[in-house]
Structures are given as C-alpha cells and as structure tokens.
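These notes are about the structure you will find just below.
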C-alpha cells in the first residue's frame with residue numbers, strides 16, 4: 001500500500017471531451033440543484049441542443065416526479081455507452097486534476113481524485129476516514145442508485161472538505177500543477193462563472209503533500225478522528241457506497257473494480273471563497289381538496305406550530321412581522337448570538353421568529369417539521385438561496401418558505417466528530433450557481 005492509499009485516495013483515469021467540443025455546452029450543474037425550477041433545466045436543454053453534453057448523462061432531480069424514471073435512466077445509460085464508444089472523449093489520462101472555479105470574482109480551488117468507498121460508511125460513520133456531514137434520506141437513494149448501477153461512466157458533483165486552516169495543501173498542489181498548461185479553461189452556462197483544470201500526474205508528490213498536512217495535524221491536535229468531511233453530494237456518495245456493496249456481494253473475487261471508488265473534488269473548508277449557506281425549506285399543501293387536519297391544513301399556521309414545538313415550546317424570545325421580504329432576508333443573513341427562523345409566503349406578512357441558541361437551528365425544527373408534514377398533508381423540499389425560496393413561496397398562497405440562519409463552518413469538524421452527522425440538508429457551500437459542474441468523467445462499469 002502506498003501513502004495515497006492509506007488516506008483512502010486513488011488517482012483516477014480521467015476522461016475529458018475532445019478539445020473540439022464546446023465545453024460550455026458540455027458542462028452542466030449538479031443534478032440536485034434547482035429542484036423546483038423546471039425553467040432552469042429547460043433552458044439548459046435549449047442551450048445544449050444536439051451537442052454532446054453531460055446533461056444527457058445525469059438525472060436532474062427536478063424530473064423525478066415525472067413518472068418516467070425508468071425510461072430516463074435507460075436513455076442515460078445508452079448515452080454513456082454511445083459517448084464512450086463514439087469518440088466524444090479524448091484518451092483517458094491517469095492523473096488528478098487541480099481545478100479553479102471562478103464565480104463573481106471569487107476563486108475556489110480543489111483537486112479531483114478518487115476515494116476508496118471502503119473508507120466511508122454513511123450508516124456507521126464513527127470509524128470512517130470519510131464522514132457524512134448530514135443525515136442521509138434513504139428515500140433519495142433509489143433513483144441515484146439506479147442511475148449509477150451498471151453505468152458506463154461516472155460524473156461527480158461530490159465535494160470533500162479538509163480542515164486546513166493554514167491553507168497548506170491546495171497552494172502546494174497549485175504551484176506544481178501550473179508548471180504546465182491547463183487541460184481545459186471554459187466559461188460555464190447561465191451565469192455560473194468559469195472553470196479551469198491542470199493535470200497532476202505525480203502521485204508521490206500528491207501523497208507527500210497530504211501526508212505532510214495530516215502529520216502536522218496529528219502533532220498539533222492529536223490523531224484526527226477522520227480526515228475528510230462530505231461537503232456536497234452526501235446522497236450521491238451514499239448511493240455509490242450502496243452500489244459498491246451490492247457489487248461486492250455479487251463479485252467477491254474482484255478486489256478493486258472501478259465501482260469500489262468514487263470520483264470527488266477535495267477542497268479546503270477555510271478557502272476564502274467558500275461561503276457556507278443554510279439550505280432553506282419550502283412547504284406546501286399536497287392536496288388542496290382533502291386534508292387530514294380540521295383546518296384544511298392552513299399553511300399560515302406553520303410558524304406558530306413550530307414555535308409551539310408540539311407542546312414543548314422553543315425558548316422563544318420574540319416573533320414579529322417584517323415590513324418587507326427584503327428586510328426579513330437582510331435580518332436572516334446577520335450573525336447573532338440567538339437562533340432565528342424567517343417565514344415568507346402563505347399569503348401572510350413575513351415573520352421573524354427568534355429563540356435562544358441551544359444548538360443548530362435546523363436541528364431544533366426538523367423533527368417537528370417532519371411530523372407536521374405528515375399530519376397536515378404537507379410536502380417539504382430543500383432550496384438553495386433565499387431569493388429562490390422567496391420566489392417559490394410567493395408564487396402560491398398555499399406555499400410557505402422557512403429561511404434558516406447563517407451556518408458557522410469553523411466548528412464543523414469538531415461537531416461531526418462529537419455528535420455525528422447534522423440533520424439532512426443543513427447547509428450548502430455557496431449559492432446554486434456556484435455549485436460543482438459536471439465536466440470530468442471516468443469509466444465505471446464495463
């Protein structure tokens with residue numbers, strides 16, 4: 001075992017589109033973005049047209065409810081086979097890739113590698129080198145597992161984080177990578193900035209860089225309980241793990257097939273461009289004609305129900321109306337010693353609920369929200385961005401948005417080590433347009 005293996009890392013064989021293809025049409029945003037915004041994905045479809053594109057190789061979650069999942073996944077798998085066999089990709093290159101993503105004058109750095117799924121376990125994370133940061137919603141795994149199962153290619157939006165406060169790893173890798181010309185440098189569609197990537201072929205140099213970092217962490221903090229935290233793509237990584245477990249049971253003689261590994265991008269938790277954002281909630285009535293509750297599941301009751309907390313009231317400080325949605329969003333972005341929830345929509349004035357800080361706000365409300373959704377026949381979705389949440393909430397009087405307060409990232413590793421994963425969909429790294437785009441691929445099955 002080399003030192004890279006000991007960290008659960010492996011150098012991938014990267015597939016990139018041929019240089020004559022339009023990378024702006026090829027690259028598309030992560031499948032779990034804009035889940036209530038069909039217009040965005042229809043715009044992507046129009047931009048792509050008949051050009052080869054990662055759009056044809058992924059299952060955007062906005063389409064999950066269309067009832068054609070089986071047919072869509074068949075088409076995805078067929079497109080993967082056609083692209084791999086049809087000259088869309090340049091010859092594979094065994095290398096990690098140092099990447100720079102630029103959006104709104106911010107530059108985010110990362111390195112694309114593969115991780116060993118044997119070093120990760122979302123069901124029992126307490127001994128894993130790679131830890132989930134959020135709870136996994138089992139109901140969200142089947143579609144992703146079906147898409148991955150037997151797929152010819154893997155494209156990834158998974159981001160892992162390292163706790164590198166001194167910012168030692170990525171600048172070191174950057175200096176080596178930029179001794180050569182970039183493999184790609186392209187704008188991204190729909191106002192999402194640009195991305196560039198450089199090959200890192202020297203596995204020993206990468207291993208030594210990570211080893212120096214982790215050795216120093218050990219000297220300062222003692223042996224770290226884990227090395228990597230999943231920043232984005234918790235459910236995609238959990239799906240990859242489940243597909244690997246299935247394959248391992250069926251093919252016990254194979255020691256290291258491609259599906260044992262998952263392609264990820266590793267980034268620094270403390271990268272100056274990395275702005276952690278809360279993931280907000282949007283709540284709406286599933287069935288307006290028949291409701292389980294006596295008050296026809298009036299969505300306007302939601303703030304008061306959460307404040308009452310099922311007879312176990314939150315340590316409420318105040319609840320007050322806001323003059324405007326803009327004022328509410330401004331106050332919700334502030335960092336305060338107390339916890340806050342903002343309510344918008346439902347045909348009512350905006351409300352700000354403030355209560356004592358006894359933990360992460362979403363951890364306080366998520367169990368009750370789940371219970372209320374079942375009782376009141378409401379649906380709940382998770383939305384990136386306060387303006388997107390506002391737009392959805394105000395588009396229908398039977399919808400209400402819940403705005404969550406800012407997320408403090410500096411204690412993330414400590415919290416995960418002590419208490420385990422946070423509630424599902426607790427935070428997001430940046431706004432939706434800053435999310436990872438699919439660009440690189442690798443062979444997975446076949």
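The values are calculated or read from the model by the stated rules, or taken from the named source; none is laboratory data. What you are looking at is a predicted structure, and each value in this text was computed from that prediction instead of being measured. Using ideal geometry, Cβ is built from the backbone for each residue, glycine included, and neighbour counts are taken over all protein chains shown.
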Query - Elements of type helices (runs of 4 or more DSSP H) in the range 349-446, at least 2 residues being over 30 Å from residue 97 (Cα atoms) and either in contact (Cβ under 8 Å) with a residue 60 or more places away in the chain or under 18 Å from the mean Cα position of the chain (by Cα) (or both) - result: 361-376, 386-394
Report summary line: Exactly one of 226, 213 is at pLDDT below 95 and under 23 Å from the mean Cα position of the chain (by Cα), and that residue is 226
Requested in this report: Could you check residue 144 against (1) touching a helix residue (DSSP H, G or I) at 6+ places or on another chain (Cβ under 6 Å); (2) under 18 Å from residue 116 (Cα atoms); (3) in a helix (DSSP H, G or I) and say which number it fails?
Outcome: (2)
Query raised in the report: Counting residues that are out of contact with any helix residue (DSSP H, G or I) (no Cβ under 7 Å at 6 or more places or on another chain) and closer than 23 Å to residue 385 by Cβ, which helices (runs of 4 or more DSSP H) fully inside the range 1-101 reach at least 1?
Result: 23-26, 38-48
Report task. Please give the number of the condition residue 107 fails out of (1) crowded, with 20+ Cβ neighbours inside 10 Å; (2) part of a strand (DSSP E or B). Result -> (1)
Query raised in the report: Which of the residues belonging to the range 230-244 are over 14 Å from residue 136 (Cβ atoms) and modelled with pLDDT of 95 or more?
Result: 243, 244
Query raised in the report: Which of the residues spanning the range 418-446 are surrounded by fewer than 20 Cβ atoms within 10 Å (Cβ to Cβ), touching a strand residue (DSSP E or B) at 6+ places or on another chain (Cβ under 8 Å) and closer than 20 Å to residue 367 by Cβ?
Result: 421, 423, 424
Query raised in the report: Could we say that residue 353 is more than 18 Å from residue 37 (Cα to Cα) and crowded, with 20+ Cβ neighbours inside 10 Å here?
Result: yes
Report summary line: Of the residues in the range 301-315, those that are surrounded by fewer than 16 Cβ atoms within 10 Å (Cβ to Cβ) and free of Cβ contacts under 8 Å to residues at least 60 places away in the same chain come to 304, 308, 311, 312, 313, 315
Query raised in the report: So how many residues does the range 316-346 have that are part of a loop (DSSP other than H, G, I, E, B) and exposed (fewer than 13 other Cβ atoms within 10 Å of the Cβ)?
Result: 6
Query raised in the report: Is at least one residue of the range 160-168 within 17 Å of residue 117 (Cβ to Cβ) and in contact (Cβ under 8 Å) with a residue 60 or more places away in the chain?
Result: yes
